[in-house]
1. Please give the contour-minus-distance gain from Thr354 to Arg249: 0.36 nm per residue of separation, less the Cα-Cα distance, rounded to one decimal in nm.
2. Give the shape of the chain as rounded, prolate or oblate, defined through the alpha-carbon gyration tensor: a ≥ b ≥ c are the square roots of its eigenvalues, a/c under 1.5 means rounded, and otherwise the shape is prolate if a/b is larger than b/c and oblate if not.
3. Looking at Ile251, Ser288, Val22, which one has the Cα that reaches farthest to the positive end of the dipole of the chain (charges on Cβ: Lys, Arg +1; Asp, Glu -1)?
4. Give, rounded to the nearest 20 debye, the magnitude of the charge dipole that the range 142-369 has about its Cα centre when Lys and Arg contribute +1 at Cβ and Asp and Glu contribute -1 at Cβ.
5. Before rounding to the nearest 500, sum -39500 (n - 2.57) across all DSSP H runs of length at least 4 in the chain and divide by the residue total; then give [θ] at 222 nm in deg cm²/dmol.
6. Once a ≥ b ≥ c are taken as the square roots of the eigenvalues of the Cα gyration tensor of the range 331-454, is the result rounded (a/c under 1.5), prolate (a/b larger than b/c) or oblate (a/b not larger than b/c)?
7. Can you list which of the GluC sites (Glu not before Pro) found in the range 1-94 are DSSP loop residues with at most 15 other C-beta atoms within 10 Å?
8. Using amide H atoms built in the peptide plane, which far-off residues or other-chain residues are under 5 Å from Ile242 H to H?
Amino acid sequence: MEILLHHDYLIHALSSTEGSPVLGLCRSGQCKGWVASTSLPTLFRELEGQERDKAKDLLSSLSVASPTAGDLRNALQDERFDEKLASILVQSCGFDAVVTTIPENFSGDDILVLTPEQLQSKVESPPGKVNEVKLLDISASYHQILNDVEVEMADTTRKGHFILGAKVSELEEKIAEYCQTKYAVGVSSGTDALLISLMAAGIGEGDEVITSPYTFFATAGSIIRAGAKPVFVDINDVTFNIKAEHIERCITSRTRAIMPVHLYGQCADMDPINELAKKNNLIVIEDSAQSIGSEYKNKRSGSLGDMGCFSFFPAKNLGAFGDGGIVTTSSEDLYEKLKVLRVHGSKPKYYHKTIGGNFRLDALQAGVVKAKLNYLEGWTEKRRQNATVYNQLLQQNALTQYIQLPPEVFPRHVFNQYVIRAGNRRDELRAFLNENKIGCEIYYPLPLHVQECFQSLGYKKGDFPESEKAADESLALPISHEITQAQQEYVVENIRRFFLGS
Ligand SMILES: Cc1ncc(COP(=O)(O)O)c(C=O)c1O
């Protein structure tokens, strides 16, 4: 539960000699406690000496919610300024309740008002039955990061430096270190990360790039936008990633690069890909959009080829509050080219030897991603645990005779998606889960070689049977770090009801 501790309660708790069970709940993580920033001056004015020290200690286990100017203006319309402001914060931040010792002051407000005793008994009573699981609830863990993110955003807005600058450089250093590369270049999206990498490699008209047809559109879309031709190679039926054994026969005199995709968060089999690239003098550009933190033989995604392209789309394991992306590389030459191409090919400013584009990452997004990066390892471990829990529950319920689980072939899989195969009953299963308010999705229902816009490439249905089969059978279940075991049990219970009846 997320609760706003109204300042009457905080003063009461801090002046009491007996300690506060509610603060205990916040410290132990059973509740997420918030305090309004506007309460703090009042709180400190009313407390003295030792109580002030206690308050500082207390604040370390609470988060601070700041009202906007609009919230303050609305609260001023009401005679009960403090209570009205608390009600507005509870509603706009999506908190579950306000905790107060004087509940009558909130009468008439459309929020849940709890006394400390009521909160305690609510937390101690058994949780209600789960009846809904969203595929992704991006705001569910905002409380964890919001204060860190606000610090970054306020810093940027106060300094007024919105394009590139220190925030982007700091993020680039941190991501390069995280991905085990020498450099990183922040860009405007994962799609642009792919495009600028192809441009930096000098790939264009008349060139061919080998990639997977079973991926998000941007992989092949950016090859065409760079002026080159995507050459598709079918996937491995277990990993959903490009099958290295099929690549060699597609290499021609025009082939310039291989673009493996680490789909769903598991790395492609990179050793044979890199061997082929070396033998044929090809560039390797990893589409790492879904795989930040994943590893192949103890090396991180983004460090496995010449360049790694990441997306900070909000649904990714490390998402911004909008669009963003980054390219990693350990080549100084590519790093210099990427930096110039990102700003229209300008070096020095207003002098252009090459044509680039506006591929800049903005400072606000860089600050958000930098703040969130500190949590990424914890979130990744939680996703991996969630995958283990699904595997166990699906096996225990004898469901593996109907569905195929996603194996971890190359540790470590970071499970941007947990994708099962449900054979020819996939669409029925999806409809059943949706009826029971379980979010699930097909990534992707139509492989790229049969997309209408790629007809001129000359492929037809049947050319890549494994990709077509994956598109017909695969289904992604909710896996984000925010979901609980009870929610996973609800998902599996419904899969069991679908295949085995109740
Ligand atoms: C495999 C893959 N490649 C590229 C992209 C493009 O990233 P963005 O949406 O940031 O442009 C995505 C994002 O969904 C992706 O999943």
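1. Details: separation 105, 0.36 × 105 = 37.80 nm, distance 3.40 nm.
Full-extension gain reported as 34.4 nm.
2. oblate
3. Ile251
4. On the way: 24 positive and 28 negative charges, 133 e Å.
Dipole magnitude for the range 142-369 comes out near 640 debye.
5. On the way: 17 runs with 207 residues, N = 502.
Per the formula, -13000 deg cm²/dmol.
6. Details: a/c = 2.89, a/b = 1.98, b/c = 1.46.
Prolate is the answer for the range 331-454, as a/c is 1.5 or above and a/b outweighs b/c.
7. On the way: sites: Glu2, Glu18, Glu46, Glu48, Glu51, Glu79, Glu83; in loops: Glu18, Glu48, Glu79.
Those that pass, being in a loop and sparsely packed, are Glu18, Glu48, Glu79.
8. Asn236, Val261
None of the figures in this text is laboratory data; all of them are computed from the coordinates on show. All figures in this text were calculated on a predicted structure; none of them were measured in a lab. Because the Cβ atoms are built from the backbone with ideal geometry, glycine has one as well, and the counts that use them run over all protein chains shown.
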